[in-house]
Amino acid sequence: MDSKISLMSYFKYLTIISVSFLAFSCEQEKIAVEVEEAEERFPISELIQQKEYWEGSNAEFKNTFNTDEIGNIKLIENNLAFSGYIKIRALNGTITAVKSYTSGYPDGDFFEWYENGNLKLKSQFKMGEKHGYFYIWTKKGVVYSQRYFQNDLEDFGRFENEGASASGRSLASLELAEWEGNGADFYIKFAGDPNRGGTIHIRETEELYSGVITALDDDGQKEAVLRFKNGKYEGRISKWNEEGVLWHEAEYSKGDLVQVTLKDGKPFNANEIIDLSANPEDVGLLFE
């Protein structure tokens, strides 16, 4: 009887040990699997290194990165290809652009905004190739251009029309069709002199300008309203004096003076005799 009890106790002991060992082995295998799975994932630190984040002004961007003619980007400091996100801000802190790169290639969504906060551009890339939708809007939110690409090849049948670009006018000419600003801003946007037969053109595109310019003084007060067609005065030209009084007004056709209606704040008399005997240099008055 005692031997049977001892034998049964022995087998129970072996069974307990076996089950415990099996359970321990399974737990070890589970832990090993979990470790292997964990090792396959990227550590957060490595992900941060792979995708950097940069933010600054446009001037700081140009001092930090080199961009080649096809849009690839490298850090100036070490000439290494940049992978990450770039956010560019204006001087007032508003966002003007967001860009995404992988190994120096444009990769992902690109955005640009006007200074008024309206979206200017959205484009999509896949490792340097155009891949997705490409939109351009005017400052007023009108679609200037809409296109679609797959692996750098354009799908021409995606849209019924391309937008305002179908008119043949550049985005710059549409944006500047009605422009207002002071003298310093004027010479950033335009070049040339329409006086005495000269022409004016858009500096960015070198197109002859057609549109209306409202010139302001440094205090924001209106100085002149100038109308152009193909770079020359066309229609009514109005000018104000420092007191804000309409001082001069004339009509032009293809750059040629047709009629002066107001001069020195008074209706102009075309039959007025101008005496040049005292100062011959006043001959310029004949052409004003």
Requested in this report: When a/c is below 1.5 the answer is rounded, else prolate if a/b is larger than b/c, else oblate, so apply that to region 48-165 with a ≥ b ≥ c taken from the square roots of the Cα gyration tensor eigenvalues.
Outcome: oblate
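Taking a 21 Å limit on the Cα-Cα distance, which of the listed pairs Lys139/Lys254; Lys189/Lys232; Lys140/Lys189; Lys189/Lys263; Lys62/Lys130 fall beyond it?
Values: Lys139/Lys254 29 Å; Lys189/Lys232 16 Å; Lys140/Lys189 18 Å; Lys189/Lys263 29 Å; Lys62/Lys130 23 Å.
Exceeds cut-off: Lys139/Lys254; Lys189/Lys263; Lys62/Lys130.
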Query raised in the report: Can you give me the pair-distance distribution of region 163-258, C-alpha pairs, 5 Å bins, whole percents?
Result: 3, 13, 23, 24, 19, 11, 4, 2, 0
Query raised in the report: Considering only the other residues whose Cβ falls under 12 Å of the Cβ of Glu129, what net charge follows from Lys and Arg at +1 and Asp and Glu at -1?
Result: -1
**Report entry** Per-residue Cβ neighbour rank within 10 angstrom, fewest leading, Leu226, Leu171
**Finding:** Leu171, Leu226
Report summary line: Inter-part gap, Cα centre of region 140-168 to Cα centre of region 53-85, in whole angstrom, is 28 Å
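FYI, it's all coordinate maths here, none of it is from the lab. Quick caveat, the model's predicted, so the values are computed rather than measured. Heads up, the Cβs are rebuilt from the backbone with ideal geometry, glycines too, and the neighbour counts pull from every protein chain shown.
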